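The values are calculated or read from the model by the stated rules, or taken from the named source; none is laboratory data. Computed from a predicted structure; not experimentally measured. Every residue, glycine among them, receives a Cβ derived from its backbone with ideal geometry; neighbour counts consider all protein chains shown. In case anyone asks, the SASA skips ligands and DNA or RNA and just uses the protein heavy atoms, side chains included. Shrake-Rupley method; radii C 1.70, N 1.55, O 1.52, S 1.80 Å.
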Amino acid sequence: MKIRLHQFLARSGAARNNFDITQMVKKGRVRVDKNIVTAESFIFDTKLRRGYLDDKEIQMQQMRYFLINK
């Protein structure tokens, strides 16, 4: 699935808010494979490439759906 780096970090739970994500990216703490990425709009395929934060691999959390009937 192709996704922007900012969305990937938000869905993985790496940071609490958008400001934290922006600061992490600007400081060069985020890598995709072996390349440091400094643009939040960087698009990559999560099935083919891996994202790292401070040299630890991060993965998106699985979406959970609940159906509630009243």
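Worth a mention:
- Every pair of residues 6+ apart whose Cβ atoms lie under 6 Å, when the first sits in region 1-24 and is in a helix (DSSP H, G or I) while the second is open to solvent by 60 Å² or more (accessible area, probe 1.4 Å): L5/F42
- Filtered residue count, region 25-40, keeping only those that are on the phi < 0 side of the Ramachandran plot and not in a strand (DSSP E or B): 9
- Residue within region 60-67 that is in contact (Cβ under 8 Å) with a residue 12 or more places away in the chain and under 14 Å from A10 (Cα atoms) present: yes
- Within region 1-55, if we keep just the residues that are exposed (fewer than 14 other Cβ atoms within 10 Å of the Cβ) and of a type in the set (S, T, Y), the residue that is modelled with the highest pLDDT turns out to be T38.
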